[in-house]
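Notes for the one structure printed next.
The values are calculated or read from the model by the stated rules, or taken from the named source; none is laboratory data. Because the structure is a prediction, the values reported are computed rather than measured. With ideal geometry, Cβ positions are generated from the backbone for all residues, glycine too; neighbour counts draw on all protein chains shown. Only protein heavy atoms, including side chains, enter the accessible area calculation; ligands, DNA and RNA are left aside. Shrake-Rupley method; radii C 1.70, N 1.55, O 1.52, S 1.80 Å.
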Amino acid sequence: MREQLRPLNRWTILSTQVVLTILVLGLWELGGRAGWIDKLYFSRPSDIGMQVAEWVRLGYVVKDVVTTMSETLAGLAVGALVGIVLGIVLASNRFLGAVFEPLLVLLNSIPRITLVPLFILWFGFRFESKVASAIALVLFVVFFATYAGIKDVDPTLVASARVLGATRADVVRHVLVPSALTWIFSSLRSAVGFALIGAVVAEYFGANAGVGYRIQYSEANFNTAGVFAGLAVLMVLVTLVDAFIVRVQRHLIRWK
Amino acid sequence: MSDVQPAIRLTGVSKQFPGGYTALEGVDITVAPGRFVSLVGPSGCGKSTALSLIAGLDTPTAGTVKVRDRLVNGVADGVGFLFQRDALLPWKNVFDNVAFPLVLRKRPAKEIAERVNEWIARVNLRGFENHFPSALSGGMRKRVALAQTLVYEPQIILMDEPFSALDVQTRDLMEDELLQLWQGSGMTIVFVTHDLEEAIALSDEVVVMTAGPARVKARYDVTLPRPRVIEQVRLDPRFTELYRAMWNDLRDEVLESYARATSAP
Ligand SMILES: Nc1ncnc2c1ncn2[C@@H]1O[C@H](COP(=O)(O)OP(=O)(O)OP(=O)(O)O)[C@@H](O)[C@H]1O
Ligand SMILES: [Mg+2]
């Protein structure tokens, strides 16, 4: 079916996207200058750009990005690792799965953001409370994807591996994990976003650096351009990390 | 033949699934070493179930299953299984799929490379070592599965309708290749099919099963001379004779199984 459709031209798509972006930003800018849009609440693209430039000049951007990214990546690494291991263990051991899976479903029903004040209580306004928030958001996403991925494995593949001489550990390594990898990677892509949310929200509550801190500080000073500038920085960050994960995924799942 | 220890012996084997459905009932089958035996029966009668009991992937609810005079208790070494459905690991390429059983046995890398390359050549897949299963045709995937099973030299091979998904020409070709690989190897083969022609052309003995629950309805010795060539063996008058006799047995069972399927609530 798909082959019969005329292929879409990449350049037409890209130029349409660029034109649309320019159009929206242009209208925003014009509306701000003409007074149709309240500058106090919505700022203007030019002001936002200038704000980013100012932060770059002051060295804030590098400092904030490094702070937020180290919290995000630490949370992502720990949360994903624990989620994957937990998923593998609970999905490949029927007894442990029956005991713990309902408990994790229960924990998952807690809105994770509400735990952030608790982490701050435990760890203070330090690095650890931000990482803990990121872990709390990432862990469940990755766990449930790993668990589902392993449960989804074709039973014929497991039977075949056993006949070929595989022990239980061999089955996990050669059949269950590779089969779950597709699921794990798609969960990792959303996990990046979640880790960043965890870190940034924890920064709102109290920090002295980081993109979340910069947004919160701007807001407290009625600097709307600063809030938007922070969001723009976040957007670029997520896009870059996502592109990286897609590349790793392509490499590891090239058999598809 | 009675003085030789049988390769496989099923005695009074029954299998009832947890849902209550009885797939096998009082099945007695003895397979002498080195023989090529086919099981034929209507669809859904319990042929695959019988093979998983022999392979140790499942346990009977009554009776005993013995492989080389030892009670089957879990998956046994030295038994190969070609599954009805595709069972190659999609994330391993042809080389790694064929190497898999040797890797599991922790053979040295050099030996693995030699034996895998030899078997890839014997099933005519040279040049496809780095292809993933998704890039191969159905016939090629069956060849990879065959190499993967033969590479660790099991003495007993269970085949569950291995060629049923292939087109007729590819199938004839694969049947000839299988006979060539088996000839003189000493391997015991239990071959499940619902195609009588295939069963007669390949086997020393054909066991006809009843519609579920499966029991042994009849068995036939196929005395056609070997080595056989699939296209020629079909023209032998003894082939036609056997076919007619077996089809008589099978027809009642197929009709019975069909009547049940269409009158099911
Ligand atoms: N795990 C199971 N639980 C319950 N019933 C089962 C199970 N496995 C198989 N059956 C039933 O047992 C019967 C025999 O199944 P089996 O797969 O052995 O048949 P078959 O002879 O191989 O059929 P086919 O020719 O279609 O492959 C079928 O009716 C099937 O529905
Ligand atoms: Mg079957």
Inset, instruction - Over region B:85-153, calculate the relative contact order: mean separation of alpha carbon pairs under 8 Å at least 6 apart, over the residue count, as a percent. - result: 51 percent
Inset, instruction - Provide a list, ordered by number, of residues in region A:155-197 showing at least 40 Å² less accessible area with every protein chain present than when their chain is taken on its own, using a 1.4 Å probe. - result: A:THR156, A:LEU157, A:SER160, A:ARG162, A:VAL163, A:LEU164, A:HIS174
Inset, instruction - Would you mind putting A:173-185, A:16-28, B:159-171 in packing order, based on average other-beta-carbon counts within 10 Å, highest first? - result: A:173-185, B:159-171, A:16-28
Inset, instruction - Calculate what fraction, in whole %, of the accessible area of region B:1-54 sits on carbon and sulfur atoms when a 1.4 Å probe is rolled over the protein chains. - result: 52 percent
Inset, instruction - Filter the DSSP H helices in chain B by two things, a Kyte-Doolittle mean of at least -1.0 and an axial alpha-carbon span of 30 angstrom or more, and list the hits by number. - result: B:237-263
Inset, instruction - Would you please state which residues of region A:42-60 a label at A:LEU27 would reach in this model, taking the label point 7 Å out along Cα→Cβ and a backbone N cut-off of under 17 Å? - result: A:42-46
Inset, instruction - With a 1.4 Å probe on protein heavy atoms only, tell me which residues of region A:214-256 lose at least 40 Å² of accessible surface in the complex relative to the chain by itself. - result: A:TRP255
Legend entry - Separation of alpha-carbon centers, region A:7-69 and region A:164-208, rounded to whole Å: 32 Å
Inset, instruction - Would you mind checking the tilt of helix A:224-252 against the longest principal axis of the Cα atoms of chain A, expressed as 0 to 90 degrees and rounded to 10? - result: 30 degrees
Legend entry - Neighbouring partner chain Cβ atoms per residue of B:81-91, average, 10 Å criterion: 6
Inset, instruction - Provide the net charge surrounding B:LEU57, with neighbours chosen by a C-beta distance below 13 Å and charges set as Lys +1, Arg +1, Asp -1, Glu -1. - result: 0
Inset, instruction - Can you grab the distance from the C-alpha centre of region B:53-73 to the C-alpha centre of region B:175-219, Å, no decimals? - result: 20 Å
Inset, instruction - Quantify how strongly other chains surround peptide B:129-140 by giving the mean number of their Cβ atoms within 10 Å of each of its Cβ atoms. - result: 1
Legend entry - Compactness of region A:1-85 as Cα Rg over 2.2 N^0.38 Å, two decimals: 1.75
Inset, instruction - For chain A, calculate the relative contact order in percent as a whole number, restricting contacts to Cα pairs under 8 Å that are 6 or more residues apart. - result: 24 percent
Legend entry - Pairwise centroid distance, computed over Cα atoms, of region A:99-130 with region B:102-136, Å: 49 Å
Inset, instruction - Please give the average number of partner chain Cβ atoms lying within 10 Å of the Cβ of each residue in B:63-75, rounded to a whole number. - result: 1
Inset, instruction - Give me the accessible area buried between chains A and B, both sides summed, with a 1.4 Å probe, in Å² rounded to the nearest 100. - result: 1900 Å²
